[in-house]
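Structure first, then comments.
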Amino acid sequence: MIVGGMGSMWGAVVAGLLLTQVQALASLVISPVWTDPIVFGTMVAFLVFRPQGLFGRLGHA
């Protein structure tokens, strides 16, 4: 919900699918122990560059 944008159901679905793919690909490359920190880091990096979310609009409720 955070990455997808507040109030955007499609954003939450797409963000969930993208973060799941990041986690799956990370577990193939490195130890599965590090997948959660990588997903968290991806979320933080995404929100730094796009704070309104994937499909959300900043300032609208």
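The values are calculated or read from the model by the stated rules, or taken from the named source; none is laboratory data. Computed from a predicted structure; not experimentally measured. Cβ atoms come from the backbone with ideal geometry, glycine included; neighbour counts cover every protein chain shown.
For this structure, a couple of remarks:
- For segment 29-51, a tally of residues being among the aliphatic types (A, V, I, L, M) and in a loop (DSSP other than H, G, I, E, B) returns 1.
- Candidate set: segment 29-61, residues that are more than 9 Å from the chain's Cα centre (by Cα), of a type in the set (A, V, I, L, M, F, W, C) and modelled with pLDDT under 85; chosen: the one surrounded by the fewest Cβ atoms within 10 Å (Cβ to Cβ): ALA61
- For segment 1-28, taking the residues that are part of a loop (DSSP other than H, G, I, E, B) and touching a residue at least 24 places away in the same chain (Cβ under 8 Å), the one that is nearest to the chain's Cα centre (by Cα) is identified as VAL3.
- Pairs where the first residue, in segment 29-55, is over 18 Å from MET1 (Cα atoms) and the second is among the polar types (S, T, N, Q) and assigned to a helix (DSSP H, G or I), C-beta under 6 Å, 6+ apart: THR35/GLN23; THR35/SER27
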